[in-house]
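Novice: What follows is a structure written as structure tokens; I'll ask about it next.
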Amino acid sequence: MQDARQVAGTADDVFAGEVVDRTGQRDIAGILFDLYAVSVERSFKGGLDGTVTVSHEQGASPLSAGESYVFATGRVPEAHTHAVLLETSPAPFTDLAAAAGPGTKGAGAAGRTVAEYWTWAVDHEVDVASG
């Protein structure tokens with residue numbers, strides 16, 4: 001899944017946040033995940049705030065404490081976590097007001113900041129489940 005509009009359409013939450021620390025690991029439905037405490041900087045979809053637990057599949061590039069990423073997650077209520085969508089990677093950024101970089105895909109990136117790009121993706125999300 002590469003199109004940010006499809007990612008936004010699949011996610012329960014899309015938000016920018018800074019990784020505070022790796023807090024452990026957990027098995028969710030037979031898949032091992034690393035757990036991270038993430039301080040939400042801005043919510044684009046879903047309304048998260050404060051510090052949340054994000055689970056990120058082991059074997060994927062680990063997240064770094066002190067680094068900021070845009071996360072697209074699905075809620076896992078029984079595990080009290082927000083799981084990074086499989087087949088996606090958190091998008092690193094240094095400033096939400098900076099130009100959307102080469103890692104962004106689709107027409108929405110042209111001339112937009114990181115924050116504007118993800119706002120656009122959520123506003124134009126594509127529901128991949130409906131075909």
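Novice: Would you point out the residue of region 58-70, among those that are in contact with a Leu (Cβ under 9 Å, 6 or more places away or on another chain) and crowded, with 17+ Cβ neighbours inside 10 Å, that is nearest to Gly9 (Cα to Cα)?
Specialist: Val70
Novice: Determine whether region 109-129 contains at least one residue that is surrounded by fewer than 19 Cβ atoms within 10 Å (Cβ to Cβ), at pLDDT below 95 and farther than 16 Å from Ala4 by Cβ.
Specialist: Yes, that holds for at least one residue.
Novice: Moving to a separate point now. Report, by residue number, each residue of region 71-102 that is in a loop (DSSP other than H, G, I, E, B) and either surrounded by 15 or more Cβ atoms within 10 Å (Cβ to Cβ) or of a type in the set (Gly, Ala, Ser) (or both).
Specialist: Leu85, Thr88, Ser89, Pro90, Leu96, Ala97, Ala98, Ala100, Gly101
Novice: Are any residues in region 39-54 part of a strand (DSSP E or B), open to solvent by less than 80 Å² (accessible area, probe 1.4 Å), free of Cβ contacts under 8 Å to residues at least 40 places away in the same chain and out of contact with any Asp or Glu (no Cβ under 7 Å at 6 or more places or on another chain), and if so, which ones?
Specialist: Val52, Thr53, Val54, listed by residue number.
The values are calculated or read from the model by the stated rules, or taken from the named source; none is laboratory data. Since this is a predicted model, take the numbers as computed values, not measurements. Here Cβ is always computed from backbone atoms with ideal geometry, including for glycine, and neighbour counts include all displayed protein chains. Just so you know, the surface numbers come from the protein's heavy atoms only, side chains and all, with ligands and any DNA or RNA stripped out. Shrake-Rupley method; radii C 1.70, N 1.55, O 1.52, S 1.80 Å.
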